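See structure below.
The values are calculated or read from the model by the stated rules, or taken from the named source; none is laboratory data. Given the structure is predicted, the values throughout are model-derived calculations rather than measurements. With ideal geometry, Cβ positions are generated from the backbone for all residues, glycine too; neighbour counts draw on all protein chains shown.
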């Protein structure tokens, strides 16, 4: 039966009815997902609201759905919600009441009181302050306002607002909440570019001086800073502590390359590499770094970051030496700052003002993909990859087989502290599709597994890619090795995620098994 579903005068879903709209709620107490049918009133649209058809969501099983720490993200006088639709990494298409219904969009997860139409009685002090000064729209001219007066209600999709683990969702003020995805950018990259790349980019942009090229200063038409025409002045040696060098390093290298940082002063390490260091090698790290960026925030890595940072003992150097923790959970940096007066400890969290920075990054990655597509070497790389393996998808899960960078070596010693991504991933090449990613001084090449003019280049690591279906569509003999998951498999992973971290779930239309409508 073909039917256009009309819920009421305000909500029209231009889709044939094959299944009822579904949402998946997470219960913090039981730590389980359950499937629930969305009622018609949940899709009623008010003014400046649209319906987004969710196409893909990203879940990090190592960090997401850890709702025991949510008390640190919500006001003390607010009760912990009984259940919420999780997932803040959301890709979809607008299906009603919007100018552009053909493009794909990524939902920017961090919102604010004005965008969410919070009532005057409940609006936070900072948002009210901006409203009083007629600053209600984010732009390059209002960026400083949003930086100095961020929303304090933590209105975040997937945490305090219903996230993307549902078929359809309402988006308030879409022009202030949605980011259009460039046609040549991987939607898998869009799922996870806000985890490491965006906070790293935003912190550097907010805290370090930008130096323009002379040719740009003399030009009558200065180019946009997303065109890689600016560099940052970051003094001294830099240490970047990642969860996994082989998986995460591309995300910081793209930012480093964009800002033209001196790669000779930048060093990478992760916990695995740290554990392999001898005591003598470990001592080579002691007290030589001016800037330490920590993406793996554990007690062990916090102590190591402090061990590596320069300690002058002088209060005058407090603004010169920094240790930055990129972590959304509560972290007592005030305690550290109290007992270390010669350096500054930062806990950096994204907020709504970073939507502008996210737009910059989408443009940067899009331009990078365009550059590679036009480069003479890309055609030969694609040709070689096509001979190795032909796949039905236009985009494959990336496995970094080798990565070359000059941002790796101590000038004071003969020891090499660079990423050993080549050796760690090449040993697994028999089980993963190989994709070579090389960063060089003047060029970057990526090897893709299909020769196709519309192939997307995927720079960011993700572990698995599954289709997400409803429970009644999933047979009992399906297991974790299949390409289709339901909430049953997700709950199973939540109990024991092991080494599984980033997973992309594609929410696709399936064969009709039900044709009904709740009125």
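A few points about this structure:
- The residues in the stretch 319-355 that are under 21 Å from residue 159 (Cα atoms), part of a loop (DSSP other than H, G, I, E, B), in contact with a strand residue (DSSP E or B) (Cβ under 8 Å, 6 or more places away or on another chain) and modelled with pLDDT of 75 or more can be counted, and the count is 4.
- Within the stretch 306-318, if we keep just the residues that are in contact with a strand residue (DSSP E or B) (Cβ under 9 Å, 6 or more places away or on another chain) and assigned to a loop (DSSP other than H, G, I, E, B), the residue that is modelled with the highest pLDDT turns out to be 310.
- Taken together, the criteria place residue 272 among residues that are part of a helix (DSSP H, G or I) and either buried (at least 22 other Cβ atoms within 10 Å of the Cβ) or at negative phi (or both).
- Scope the stretch 169-185; condition surrounded by fewer than 21 Cβ atoms within 10 Å (Cβ to Cβ) and outside any helix (DSSP H, G or I); matching residues: 170, 172, 173, 179, 180, 181, 182, 183, 184
- The stretch 135-168, residues that are within 19 Å of residue 356 (Cβ to Cβ), in contact with a strand residue (DSSP E or B) (Cβ under 8 Å, 6 or more places away or on another chain) and outside any loop (DSSP other than H, G, I, E, B): 156, 157
- The sole residue among 261, 253 that is closer than 18 Å to residue 202 by Cβ and either without any contact (Cβ under 8 Å) to a residue 24 or more places away in the chain or in a loop (DSSP other than H, G, I, E, B) (or both) is 261.
To keep it simple, each residue is scored yes or no on (1) at pLDDT 95 or above; (2) under 27 Å from residue 496 (Cβ atoms); (3) touching a helix residue (DSSP H, G or I) at 6+ places or on another chain (Cβ under 7 Å); (4) surrounded by fewer than 17 Cβ atoms within 10 Å (Cβ to Cβ).
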site: 66; (1), (2), (3), (4): no, yes, no, yes
site: 71; (1), (2), (3), (4): no, yes, no, yes
site: 78; (1), (2), (3), (4): no, no, no, yes
site: 100; (1), (2), (3), (4): no, no, no, yes
site: 116; (1), (2), (3), (4): yes, no, no, no
site: 125; (1), (2), (3), (4): yes, no, no, yes
site: 130; (1), (2), (3), (4): yes, no, yes, no
site: 146; (1), (2), (3), (4): yes, no, no, no
site: 149; (1), (2), (3), (4): yes, no, yes, no
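- Every listed requirement among (1) farther than 13 Å from residue 88 by Cα; (2) not in a helix (DSSP H, G or I) is met by residue 131 save one, (2).
- Test for residue 110: is it closer than 28 Å to residue 59 by Cα, buried (at least 23 other Cβ atoms within 10 Å of the Cβ) and touching a strand residue (DSSP E or B) at 6+ places or on another chain (Cβ under 8 Å): yes
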